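Asks: Can you read through this structure? Questions will come right after.
The values are calculated or read from the model by the stated rules, or taken from the named source; none is laboratory data. It should be emphasised that the depicted structure is a prediction, and the values quoted were computed from it without experimental measurement. In this analysis, Cβ positions are derived from the backbone assuming ideal geometry, glycine residues included, and neighbour counts consider all displayed protein chains. Each accessible area value is taken on the protein alone, full model and side chains, heavy atoms only, with ligands, DNA and RNA left out. Shrake-Rupley method; radii C 1.70, N 1.55, O 1.52, S 1.80 Å.
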Amino acid sequence: MDPRIFLLALATFATGTAENIVIGILPDVALGLGVSLGLAGQLTAVFSLTFALAAPAALVLTRRMERRTILVFALAAFVLSNLAAALSPGIAVLFAARIAMAAASATACLVATMLATELAGPDRRGRAIGLIFMGISGSMVLGVPAGMLISGLFGWRIVFLALALLALLILALCQLLLPVSSRGPRDMAGYRRHVGSLRLLSGQLVSILMIGGHFVLFAYLAPYAVDAVGFDDDTLVPIFVAFGVAGVSGGYLGGWLTDVVTPRAAILVVPLAYLAVQLAIPAVSSMPMAFLGLMMVWACISWMISPVVQSFLISAGPETAEAGVSLNLSAMHVGVALGTAIGGLALDRGSAAALPWTGAILAAIAVAASLIASWRAGSKQGRPAIGV
């Protein structure tokens, strides 16, 4: 594997960390700016919404630029927006900084994914995407506790300063080590061809439904673990760390699987495996240790789906690869919002015990979408992506 792919994964780790970093330092931010916790919490929501909108737009707006240049500019914007956040005199400036931060993060994640597939070549494309998603998942696992530690020692503003310094270092390394990339066609035509394909749209739907099914439970995992399983509040942190480690490994395993069994097969296998594990969760919820083991498998499989779907989109629709990847980054965030909303309704109108069953419904629909996605896709599997 080209070692420069690890640099790209580090870029996605740094920019991805910004999305959820406010969650761990929320009380400090609210107190420091004199606002309510509810208002400060919207700093995460505005980031996710901006990210979902910015990923497709970035592809069109940068259509005349070479990829390494786009990545460097995105990292530079990320550095500046984090400096603005660190120096923000009030909540309005911090909201503006978060919007700019999210747009830069979406662009960096998109370009890093495409550069990784270019550096890896068709035979190792899946593993390259898997490494990129290890960076993204790692940012969720390590970023929040790291931010909490820095904030506790030095204050919440230093958290954003640290992100800016890390991104600046990565920017310098990217400028020094990454090659000049190819210039594929980037315009609205790619999006039109992509959304006009039932097979490719079904692949996108697999992402939305799988991630949605995951967040139905994951967004409310703490109350489920306490109320339905019987864990103590003091044990929640190590439980989340264990799930996080499993999730990080799933990012790479998903990419590895697509290289071994082809993306078309992987997009069938992973949703089926996820559904089976999801359905088994209620059966082991009365056995805490069995629940912990099964949930680590659950976390691993749930993070496998993103590299699997992106590999499928690139191989099944090579002429719309960049459009497909950018839309998939948006689809991931749509899935997070969908699952969180549905899980909240299930929790309010029922109980924590209803969460796995609700998530399983979305997972079952994802299996149906995967069957449509793989239908007649075999003739295009394995072809290198044009302009990737």
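Asks: Can you give the accessible area per residue of the chain, in Å², using a 1.4 Å probe?
Replies: The answer is 39 Å² per residue.
Asks: Could you check which residue among SER249, SER285, SER306 shows the biggest mean-square fluctuation in a GNM of the chain with a 10 Å Cα cutoff?
Replies: SER285
Asks: If you don't mind, there's one more thing I want to ask. With θ set to phi - 60°, apply the Karplus curve 6.51 cos²θ - 1.76 cosθ + 1.60 along region 11-24 and write out the HN-Hα couplings as whole Hz, x wherever there is a Gly or Pro.
Replies: 5, 5, 5, 5, 6, x, 4, 4, 5, 9, 4, 5, 4, x
Asks: Short version: ³J(HN,Hα) in whole Hz for each residue of region 329-338, in order, from phi by Karplus 6.51 cos²θ - 1.76 cosθ + 1.60 (θ = phi - 60°), x for Gly and Pro, what are they?
Replies: Rounded to whole hertz, the list is 4, 5, 4, 4, 6, 4, x, 4, 5, 4.
Asks: Follow-up. Rounded to the nearest percent, how much of the accessible area of region 206-317 (1.4 Å probe, protein heavy atoms only) is carbon and sulfur?
Replies: 74 percent
Asks: Please work out the Cα center distance from region 327-355 to region 227-286, rounded to the nearest Å.
Replies: 17 Å
Asks: Starting from the Kirkwood radius over alpha-carbon pairs of region 80-206, derive D by Stokes-Einstein at 20 °C in a medium of 1.002 mPa s and give it in µm² s⁻¹.
Replies: For the chosen part, D equals 123 µm²/s.
Asks: Let me ask another. In region 89-114, which residues have a backbone nitrogen under 12 Å from the label point lying 7 Å from ALA57's Cα in the Cα-to-Cβ direction?
Replies: 99-104, 106-107
Asks: Could you please state how large a percent of the accessible area of region 17-149 is carbon and sulfur, counting protein chains only and using a 1.4 Å probe?
Replies: That share works out to 72 percent.
Asks: Let me ask something additional. Just the projected area, averaged over all directions, of the convex hull on the alpha carbon atoms of the chain: how many nm²?
Replies: Averaging across all directions leaves 17.5 nm² for the Cα convex hull.
Asks: So, with +1 on the Cβ of K and R and -1 on the Cβ of D and E, and no other charges, what is the size of the charge dipole of the chain about its Cα centre, to the nearest 20 debye?
Replies: Here the size comes out at about 1360 debye.
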